[in-house]
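Data block below; observations after.
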Amino acid sequence: MKKINGHEIIQLFEQFSPKGYAMEGDKIGLQIGKLNNPVQNVMIALDVLEEVVDEAIEKNVQLIIAHHPLIYRPLQKIATDSPSGRIIEKLIKHDIAVYAAHTNLDVAKGGVNDMLADALQLSSTEVLYPTFETVLKKLAVYVPEENAEVLKKALGDAGAGAIGNYSHCTFSSAGTGQFKPNEEANPHIGQQGRLESVAEVRIETIFPEHLERRVLSAMFKNHPYEEVAFDIYKLENKGEVLGLGKIGEIREMTLEEFAGHVKTTLEVDRVRVVGDLSSKVKKVAVLGGDGNKYFMSAKMKGADVYVTGDMYYHVAHDAMMAGLNIVDPGHNVEKVMKKGVTKKLEMLCTEKGYEVSIFPSEIHTDPFQFV
């Protein structure tokens with residue numbers, strides 16, 4: 001097993017939740033500390049409250065990956081006798097780094113909104129409000145025949161060649177490569193000063209732009225030549241559309257029954273409901289956090305009910321007049337990301353052979369209670 005630092009953990013995290021997915025102006029990335037320290041324990045948290053920091057200290061955590069940014073508004077000062085100042089002071093004193101992944105984790109495939117849709121048992125889901133279209137690129141690389149299969153596997157393992165429900169997609173064509181190593185070369189095949197012809201394979205594969213560094217790293221690492229011949233093309237093909245929220249279907253039930261379903265599956269004691277409790281619902285839109293401004297997207301896409309948090313009084317009136325049912329289970333249901341991200345990062349670290357412990361915060365951070 002390999003000991004690692006924070007940079008290596010975040011590189012893995014950003015494979016499925018890159019910063020480029022975030023909404024403009026969102027406060028994401030490293031917020032406190034540094035990432036070049038060795039990391040043994042990583043805690044996944046929804047919010048970075050003082051109780052969460054105390055938990056991290058007790059559990060000898062070196063890195064917190066949080067969904068909600070600790071520093072969202074510009075700081076005028078850090079007064080260590082204030083609540084926010086104490087949090088920052090404790091993090092710095094105990095050398096705990098905080099990394100925030102907010103709307104990029106909402107948008108990511110398998111991110112917060114997919115986790116919520118899965119928890120609600122929605123099927124045939126699609127994006128509710130598109131915000132991002134993946135830019136696709138094509139790699140063409142030339143390699144000796146005997147090394148082609150190893151290189152194709154390495155490129156696929158790095159994320160290249162993913163098309164729909166298929167992975168490791170490539171196209172290969174045989175040909176003859178020609179080169180003459182100069183006196184400074186250290187050729188894998190051939191001799192200095194002698195023209196050489198080699199049976200080679202041209203491998204073509206596609207990849208999303210945010211994986212370019214990873215794909216190229218895999219190519220160089222698994223290619224036998226000291227000078228790799230390759231081309232990269234930006235494609236006009238439409239990439240995967242990502243965005244905020246999901247919309248899908250569920251078995252038909254009444255709004256009242258569905259509200260009970262939300263309480264059970266999202267593990268909340270109460271929900272606020274807008275609409276006729278006896279009305280039937282089958283098509284469901286869900287958006288984690290504050291989804292007020294996207295309720296018309298749910299209506300226009302044919303949702304019978306919209307599940308989101310922090311619903312405003314007047315927006316609820318607007319939804320009611322538009323004929324859209326609302327179930328508001330609160331903002332804190334985004335806590336599903338704690339177990340979801342833990343599971344994903346554990347899998348990626350195991351694949352890499354990283355020696356690190358990843359676990360969710362056990363602190364309940366919902367400020368609201370019903371009396």
Review point. Angle between the Cα long axis of helix 255-265 and the longest principal axis of the chain, 0 to 90 degrees, nearest 10?
Key: 60 degrees
**Study point:** Heavy-atom accessible area order for 129, 354, largest first, 1.4 Å probe
**Key:** 129, 354
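Assign unit charges at the C-beta atoms only (+1 for Lys and Arg, -1 for Asp and Glu), then state the dipole size of the stretch 134-240 relative to its Cα centre in Debye, rounded to the nearest 20.
That gives a dipole near 300 debye.
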Exercise for review: Please report the relative contact order for the chain, taking Cα pairs under 8 Å with a sequence separation of at least 6, and give it as a percent rounded to a whole number.
Suggested key: 21 percent
Check your understanding: Which angle from 0 to 90°, rounded to the nearest 10, does the C-alpha axis of helix 313-322 make with the longest principal axis of the chain?
Key -> 80 degrees
**Study point:** Exceeding the 23 Å Cα-Cα cut-off - candidates 263/335; 152/246; 280/301
**Key:** 152/246
Check your understanding: For the charge dipole of the stretch 117-262, defined by +1 on Lys and Arg C-beta atoms and -1 on Asp and Glu C-beta atoms about the Cα centroid, which residue among 144, 250, 160 has the Cα displaced farthest towards the positive pole?
Key -> 144
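Share of the stretch 244-371's accessible area from carbon and sulfur, percent, 1.4 Å?
53 percent
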Review point. Roughly how many Å² of residue 269 are accessible to a 1.4 Å probe, to the nearest 10?
Key: 120 Å²
Study note, to complete from the structure: Rounded to the nearest 10 Å², the accessible area of residue 72 using a 1.4 Å probe with every protein chain kept is 110 Å²
Point to revise | Residue-normalised accessible area of the chain, given per residue in Å² at a 1.4 Å probe | key: 53 Å²
**Study point:** Within the accessible area of the stretch 21-136 (1.4 Å probe), percent carbon and sulfur
**Key:** 50 percent
Check your understanding: How much accessible area does residue 282 have with a 1.4 Å probe, in Å² rounded to the nearest 10?
Key -> 80 Å²
Review point. How do 349, 169 stack up against each other in accessible area, from largest to smallest, with a 1.4 angstrom probe?
Key: 169, 349
Study note, to complete from the structure: the stretch 12-92: Kirkwood hydrodynamic radius (Cα pairs, Å) comes out at 13.9 Å
Practice item. Rank these by accessible area, largest first, 1.4 Å probe: 27, 238. Key: 238, 27
Exercise for review: Please report the base-10 log of the normalised intensity I(q)/I(0) for the chain, using a Debye sum with one equal scatterer per alpha carbon and no solvent, at each q in 0.06, 0.11, 0.14 (1/Å).
Suggested key: -0.31, -0.87, -1.18
Point to revise | Tensor-based shape of the stretch 134-240 (alpha-carbon gyration tensor, a/c under 1.5 rounded, otherwise prolate or oblate) | key: prolate
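The values are calculated or read from the model by the stated rules, or taken from the named source; none is laboratory data. Computed from a predicted structure; not experimentally measured. Heads up, the Cβs are rebuilt from the backbone with ideal geometry, glycines too, and the neighbour counts pull from every protein chain shown. All accessible areas refer to the heavy atoms of the entire protein, side chains included, with ligands and DNA or RNA removed. Shrake-Rupley method; radii C 1.70, N 1.55, O 1.52, S 1.80 Å.
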